[in-house]
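Working notes, structure below.
The values are calculated or read from the model by the stated rules, or taken from the named source; none is laboratory data. Computed from a prediction, not measured in an experiment: that's the story for all the values here. Because the Cβ atoms are built from the backbone with ideal geometry, glycine has one as well, and the counts that use them run over all protein chains shown. We work out accessible area using only protein heavy atoms, side chains counted, and drop any ligands, DNA or RNA first. Shrake-Rupley method; radii C 1.70, N 1.55, O 1.52, S 1.80 Å.
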Amino acid sequence: MSFRVAQFNILGRYMAGSMWFHYARDFLPKGLATKGPLEWSRTAGFPRQLLWREQDGPGHFYRFPVLLAEIRALKADIICLVELDCFAEFRDALGEEGYDAVFEGRPGKSDGCGIFWRRDLFAAAGSARSLVYQVPANDRIALAQPLLHLESNQPLLVVSTHLYWDQSSGHQAAEAEELLAFAYGAPASAAEGPVVLCGDLNTPPGSEAHALLTSHWQDAIQDYQPGAFTSVKPDAYYFAKPRGQQYSNQAWEEWHRQAGRSDVIDYVLFDGGALELEGPPPSLPRLPVPEEGGGGGGGRAAKKPPFGFWAGGWDFTAAPAEGFEESKHDPYWVPARAHGTLQLGIPNRVHGSDHIPVACTLRFRGTQVGAGTRGEREETRP
């Protein structure tokens, strides 16, 4: 009576642009790649994204089939996808493989949260409900879908969410409080069953938001090792007006740097009173501890990036790039990159997003693995 749950921020179809992922240009067909400083600005035009499907034209790789391959490899019974701006494509592809799904978009945005479940194992036990967080207003959402585990007749409430992106804002703690009230408050009831929360929480283990949520739900990973990550991306440089002034005629475009990162921000949490892990907890990839004071590309490690987590051979030569402050308003300046030096970051041909999926196998407490359970189902799945 076990089931497998997965969380995955897919990096929206229209969000993998060269303004945020400079190596995106390296993978674009030559006729589509822009020249000079335009590629670092909003004026670069379409297409600036890593290619999605073969219909986009000739390219080095396509993100949609890479993402599908990652999802299939999870062999998950419940899949929560966030930053999902292409729900219909995943609904159709996964629907052919036995999944039903529900989706809720963010207010005024193209992306949102999607929950997918295997129809041979679960059925919808009621209508989905959603939350629009009050802080910050009208930006982020949570989606809850009551399910019924068909074999055991046990209810389960699956919640998918994607919290505010800026960790320094502190909004995640307020969102966590709203999330708890949403999961346990009206119109929720005990009949909806124990909660499984899947989310990109944009907050690290041990933070205020993480501590609040794990005081109610168990983290599928109890021991985070040094260097572990669920998201990894290089530094990003872009030329634009200051945040909040993009429509002002009095503001001037300038260079910005978004520091690279490798951290844990994606989670599967669950009601430990009613559910328990079956088998080992999720295993996360790890990076070597960075050398002191060294490196570009958002924190160059003491050794080259592990296989599967580099984004090509064009790392930045320093962090921040030389001349960044002096060239703040120069549209023709671009950060220096060293050809032949590996750059840490994804997506790439192996990973379709700048996040990796997190998955675990759960079971209802008091049940045992037996005939017709997950182990046997995996043997028969394509």
For region 87-154, rounded, prolate or oblate, judged on the Cα gyration tensor with a ≥ b ≥ c (square roots of eigenvalues), a/c < 1.5 rounded, else prolate if a/b > b/c? oblate
Just how much of ARG129 is accessible, in Å², when a 1.4 Å probe is used and the result is rounded to the nearest 10? 30 Å²
Could you please put PHE103, PHE21 in sequence from largest to smallest accessible area, using a 1.4 Å probe? PHE103, PHE21
Would any residue of region 257-276 have its amide N under 20 Å from a label point 7 Å out along Cα→Cβ of GLU322? List them or say none. 257
Restricted to region 126-245, the DSSP antiparallel beta bridge percent, nearest 5, is 65 percent
Stretch GLN222-ALA125 to full length: gain in nm at 0.36 nm per residue minus the Cα-Cα span? 31.9 nm
Rounded to the nearest 10 Å², what accessible area does SER327 have for a 1.4 Å probe in the complete protein model? 20 Å²
Please list, or write none, the aspartates and glutamates whose alpha carbon is within less than 20 Å of the alpha carbon of LYS328, excluding same-chain residues fewer than 8 places away. GLU39, ASP235, GLU253, GLU254
Run the numbers for ASP330 and ASN153: contour at 0.36 nm per residue of separation, minus the present Cα-Cα distance, in nm. 57.3 nm
Ignoring ligands and nucleic acids, what accessible area does ARG106 show with a 1.4 Å probe (Å², nearest 10)? 40 Å²
Extending each Cα 7 Å along its Cβ direction at ALA181 and PHE61, get the distance between those two points in nm, one decimal. 4.3 nm
Assign one of three labels to region 225-285, namely rounded, prolate or oblate, based on the Cα gyration tensor with a ≥ b ≥ c the square roots of its eigenvalues; rounded applies when a/c is under 1.5, prolate when it is not and a/b is larger than b/c, and oblate otherwise. oblate
Cβ-Cβ cut-off under 13 Å around LYS328, Lys and Arg +1, Asp and Glu -1: the net charge is -3
Once you keep just the Cα pairs under 8 angstrom separated by 6 or more residues, what percentage relative contact order results for region 134-264? 20 percent
By accessible area of protein heavy atoms, probe 1.4 Å, what ranking do TRP314, TRP333 get, highest first? TRP314, TRP333
Checked region 163-245 against the a/c 1.5 cut and the a/b vs b/c comparison, axes a ≥ b ≥ c from its Cα gyration tensor; verdict oblate
If you take the beta carbon distance between SER169 and LYS109 as r and set R0 to 22 Å, what does 1/(1 + (r/R0)^6) give as a FRET efficiency, to the nearest 0.05? 0.80
